[in-house]
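**Student:** Could you have a look at this structure, given as C-alpha cells, before my questions?
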Amino acid sequence: MRASYLKKMILGYAILMMVSATVGSDDFVVSVTPLLSIPVGPSIEGENLQLFSVGGGVGIKGDFIPSFAPFLYGRLSGEMWLSPLNKADSSLTFIFGGGNGGLYYNILPWLAVKMGGGGGMYLALSDFGMVRNPYAEGGLELDFRLGPALTLRLGGTYKYLFTPTVPLYEGFTAQVGISYDLKGSKKGRDLQIDHTLKPVFPLFYSHYDKNPIGEIILINKETLPLEKVKVSFYVKQYMDTPRSCSEIKMLPAGGKERLPLFALFNDSIFKVTEGTKVAGEIIVEYLYIGSERKIALPVTVQIYNRNALTWDDDRKVAAFITAKDPVVQRFAKNVIASTQKEVFPIISENFRNAFALFQALSAHNMSYSVDPQTPYHAYSNTEEKIDYLQFPVQTLAYRAGDCDDLSVLYASLLESVGIPTALITIPGHIYVAFDCGLSPEKAEKLFDIQNDVLIRDNTVWIPVEITLIKEGFVRSWRIGLQEWAEAKQAGTEGFYLVRDAWKIYEPIGFLEGSTAIPFPSSEEVVEKCKKEVLRFFEMYVKERVLVIQKEGERSKLQAEQIANRKGIVYAQFGFLDKAIEQFKLASQKGNYPPALTNLGNVMYLKGDMEGALQQYQAALRVMPDSVPALLGAARCFYSLGALSQTNEIISKIKKINPNLSLSVELADATVPKIRASESFNAMEGQLWDE
C-alpha cells in the first residue's frame, strides 16, 4: 500500500514537471541540491530538547520564469530527507512534493535573487507507519550564474509540516547545489535585429567606410543584459573582410540601440556596369553570461551601376572630377605646353590656362547634348531618381555630354593643372567656376568687380557656362555671370568648392578604354585660341580701353596720361604689342617717366633685358626716385648677372620706401631671357606706373 502510493506520487510529480517545462514558460531550470535540515520544533514533552536532530537529504526543483512576467518565478519541487529522532535509535524519512512562487530579480548579469513561498504534501515514513499531510514553506535563494546553462545555487527555506493537532516538524533547510537550464544552450539568442540598407553607388565605395550605408536597431529580448556587443557588415563578393561598424559595452535586458552600418568595399565593385543585387551579412557578436554568441543575419544589398548617383547632395558630383586621371592630365598638360609659346591673355596663369583648356575642348569637337534617358534638368530636382553621369575620360571619348558631364570634364582638366574650381548650381542646371588667381585688389584694376567676376571669401572666381563650348570662352563667361546673377536674385543659387567636396566624396579613377582617345593637334588648339583672343579683345579689352578714354577726357587728363593708362590695360591683358604702341605714344616727348617705365616692363616681359634697362634708365634720368623704374632696373641687372648693381638699387629702394615688400623672383642670372614658364609670375608681379 505504501509503496503503491509513493510510486503514484512520484509519477504525478514528474508529469507536472514536464508539463510546466512546455506550457507558459520561457525558462525552465532543473536543479539538484543536497539539503541540511535544522529543526526548531517541536520539542520533546517535558524536556528542553527538540524531537528531531539535524538531518539531511536531497532535493530536485524545476523553476520556470513566465515570458510575460520575467520578474516572477514558479517552482515544482520534490525533496527527501532523513531526520533522526532524539533519544531514539530510529528516524523519520520525509518525502515532499509541491510548488511555490515569488519574486525574481537580477542584481547583476551573473547574480540573481529569488524570494517566495508555497507548499504541498509530505509523507513521513517510519517503522511504525506513514503520515500524509500538507506543508507550507518560504525562503530566499541566491543564484550565481556560471554560464547560460549552469548556476550555483545557495538558499535557505523555512518549512512547517501540518498534522491535525500539532506540527510534526518545523525548521530550516540549507542548500547548496547546481542548477541546469534546459534551454540554456539556446539562451542569449533572443536578439531582435531590424535593419535598413541604402542602395550602394560604386562610385562612392570608399565613402561608405566613414559614412553609413545603413543602420540596425538591436532589441534585447532576453531577461539578462548582453555585453561587449560588436556589429560588423560583410558583402563577400565585394569586401575583403567584414567591416567592424560599432561596439557597445552593454545592451540591457529589454534595451534598444540604434547603430550605423559601414562598409569597406574593394575596387572590384567599381566594375559593376549594370545594377545588381548581392548577398550580404550583418554580424552581431556579444557575450551572454560570459558565453560567446554570434548572429549572422543574411541581407540583400542593391548595387547600382558605377555611373549612377542621386542629387540629394550636389557635392556628390565631385567624386566624378578625377583630376589625377592620367588621360585627363595628359590632355591638359599637352594643351598648356602647346599654348604657352603663344601670346594669349595673361591676366593670370590660372586665367590663361582655363582659357586655353576651354578652347581645346572646342578643338576636340566637344558638344553639349542633353541625355535623353536621364536629363540633368529633370533629375537634379528629384532626390530619389537615379542619374547617369559620365567620367571625364568617357566624355572625352564620346565628345558629348549633358551639362553635368561637361562640368565634370572641365573641372577635372582645371584641377589637373592646379586651378581650384567650384560647381555652380541653379534650378535644372550646373556649370563651373574657377579661381582666376588674383586678389580682389588686383582684380579691381582689371575688371568691373560687380559685374565681371564673383567674389567669395576673398577669392575672385570666373564662372563659365560650359554648355556653350561651341560659342567660345568669352560668351560662356558672360552667360555664366548672367545666370548666376539671376539665380542669386531669386535665392536659388548653389556654390560648392570642389576641393571641399572631395573631403566627403573622394574621386575614383576610371581607366577602362581610355588609351585610344585621339587629342586635337597643337595647331588646332592654338588656332582656336587665337580666334577667341580676337573676340576677347573686341568684346572686353576694347571696351575697357574705351572706358579709360572717356574717363580721361572727362577728367581732363593729359594725352600722355590717357595713352599710358590704355597701354597698362593692353599689357595687363597680354596684348603687349598694342601696349608698346600706347607707351611710345605717351613717351614720345621723352619726359614722361611712367610711360618709359611701363615700356621697359613690356620689353622685360618679351625677354629684351637690355632694351628694358635702357627704358628704366631713361625714366630714372627724369625721376631718379621712381620706385617702379628702380625695381625694373634691378630685375634687369639680376637677369643679366650684374648682382652688385642689383644690390645697389635694392638698397636705394629700401631707403626711399622702407615699408615696400620686395620680391625679386627672376630667372637665373646665367639665363639672359626670362623663361616662358616665369612670364606669368613676372606679369602678375609687375609694378605698372600710372
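**Student:** What FRET efficiency do you get for Ala337 and Lys256 if R0 is 60 Å and r is their Cβ-Cβ distance, rounded to the nearest 0.05? The partial results should precede the final answer.
**Tutor:** Numbers: r = 63 Å, r/R0 = 1.05.
It comes to 0.45.
**Student:** Asn86 to His195: FRET efficiency via 1/(1 + (r/R0)^6), r the Cβ-Cβ distance, R0 60 Å, to the nearest 0.05?
**Tutor:** Details: r = 69 Å, r/R0 = 1.15.
My answer for the efficiency is 0.30.
**Student:** So I have (1) 14, 27, 19, 14, 12, 9, 4, 0; (2) 18, 48, 29, 5, 0; (3) 14, 32, 28, 18, 7, 1, and one of them is P(r) over Cα pairs in 20 Å bins from 0, in percent calculated from this model. Which one is it?
**Tutor:** So the structure-derived entry is (1).
**Student:** Could I have the simple spin-label model distance between Ile38 and Asn591, label points 7 Å from Cα toward Cβ, reported in nm to one decimal?
**Tutor:** The modelled label-to-label distance comes out at 12.9 nm.
**Student:** Output the peptides 452-462, 537-547, 81-91, 322-332 sorted from most to least packed, where packing is the average of other Cβ atoms within 10 Å over each peptide's residues.
**Tutor:** On the way: 452-462: 17.6, 537-547: 15.5, 81-91: 13.6, 322-332: 20.2.
Sorting 452-462, 537-547, 81-91, 322-332 by mean packing, highest first, produces 322-332, 452-462, 537-547, 81-91.
**Student:** What dipole magnitude, in Debye to the nearest 20, does region 191-303 give about its Cα centre under +1 on Lys/Arg Cβ and -1 on Asp/Glu Cβ? Present the calculation step by step, with values, prior to reporting the outcome.
**Tutor:** Values: 14 positive and 13 negative charges, 20 e Å.
Roughly 100 debye, rounded to the nearest 20.
**Student:** Tell me, in nm to one decimal, what length is gained between Asn211 and Lys542 on full extension, where the rule is 0.36 nm per residue of separation less the Cα-Cα distance? Intermediate results must be reported in sequence, preceding the final value.
**Tutor:** On the way: separation 331, 0.36 × 331 = 119.16 nm, distance 5.23 nm.
Taking Asn211 through Lys542 to full extension adds about 113.9 nm, to one decimal.
**Student:** Would you list which lysines come within 24 Å of Lys550, measuring only between C-alpha atoms, while excluding same-chain residues fewer than 8 positions from it?
**Tutor:** Lys442, Lys445, Lys542, Lys566, Lys578, Lys584, Lys589
**Student:** Given charges of +1 on the Cβ of Lys and Arg and -1 on the Cβ of Asp and Glu, with all other atoms neutral, how large is the dipole of the chain about its Cα centre, in debye to the nearest 20? Mind dumping the intermediate values first?
**Tutor:** Working: 70 positive and 76 negative charges, 97 e Å.
Dipole magnitude for the chain comes out near 460 debye.
**Student:** Could you sort the peptides 424-434, 193-203 by per-residue average Cβ neighbour count (10 Å cutoff), highest mean leading?
**Tutor:** 424-434, 193-203
**Student:** Now for a different question. Going by how many other Cβ atoms sit within 10 Å of their own, how do Glu141, Glu527, Glu493 line up, fewest first? Don't skip to the answer; put the middle values down first.
**Tutor:** Details: Glu141 24, Glu527 14, Glu493 17.
With the fewest neighbours first, Glu141, Glu527, Glu493 line up as Glu527, Glu493, Glu141.
**Student:** With r defined as the distance between the Cβ atoms of Met115 and Ile219 and R0 fixed at 25 Å, what FRET efficiency is calculated, to the nearest 0.05?
**Tutor:** 0.30
**Student:** May I ask you to order 598-611, 245-258, 284-297, 168-181 by the average number of other C-beta atoms within 10 Å around their residues, highest value first? Working shown, then result.
**Tutor:** Values: 598-611: 22.4, 245-258: 14.9, 284-297: 16.6, 168-181: 18.3.
Result, highest mean first: 598-611, 168-181, 284-297, 245-258.
**Student:** So for Phe68, Phe583, fewest C-beta neighbours within 10 Å to most, what's the order?
**Tutor:** Numbers: Phe68 7, Phe583 30.
So the ranking, lowest neighbour count to highest, is Phe68, Phe583.
**Student:** Let me ask another. What spacing in nm lies between the two simple spin-label points modelled at Leu534 and Trp502, each 7 Å away from Cα in the Cβ direction?
**Tutor:** 3.8 nm
**Student:** Fully extended, how many nm does the chain gain between Asp457 and Leu297 (0.36 nm per residue separation, minus their Cα-Cα distance)?
**Tutor:** Numbers: separation 160, 0.36 × 160 = 57.60 nm, distance 4.94 nm.
Net length gain for the segment: 52.7 nm.
**Student:** Under 14 Å from a point placed 7 Å out from the Cα of Ser244 along the Cα-to-Cβ direction: which residues of region 193-233 have their backbone N that close?
**Tutor:** 228-233
**Student:** Round to a whole angstrom and tell me the spacing of the C-alpha centers of region 216-263 and region 492-555.
**Tutor:** The distance from the Cα centre of region 216-263 to that of region 492-555 comes to 51 Å.
**Student:** Stretch Gln617-Ser67 to full length: gain in nm at 0.36 nm per residue minus the Cα-Cα span?
**Tutor:** On the way: separation 550, 0.36 × 550 = 198.00 nm, distance 10.23 nm.
187.8 nm is the gain from fully extending Gln617 to Ser67.
**Student:** Mean Kyte-Doolittle hydropathy of -1.0 or higher plus an axial Cα length of 24 Å or more: which whole DSSP H helices in the chain meet both? Write out the running numbers ahead of the final one.
**Tutor:** On the way: long enough: 2-22 (31 Å, 0.86); 473-490 (26 Å, -0.51).
Counting only whole DSSP H runs, the qualifying helices are 2-22, 473-490.
**Student:** Counting other C-beta atoms within 10 Å, and keeping those with at most 12, which DSSP coil trypsin sites (Lys or Arg not before Pro) do you find in region 469-537?
**Tutor:** The qualifying sites are Lys503.
**Student:** To the nearest whole percent, what portion of all C-alpha pairs in region 191-303 is separated by more than 20 angstrom? Intermediate values should be presented prior to the final figure.
**Tutor:** Working: 2470 of 6328 pairs.
Roughly 39 percent, once rounded to a whole number.
**Student:** Residues of region 601-645 with the amide nitrogen closer than 12 Å to a label point 7 Å from the Cα of Ser651, along Cα-to-Cβ, please.
**Tutor:** 644-645
Here, each number is a calculation from the coordinates, and none is a lab measurement. A quick note: this is a predicted structure, and the numbers were derived from the prediction, not measured. Glycine gets a Cβ as well: all are built from the backbone with ideal geometry, and neighbour counts include every protein chain shown.
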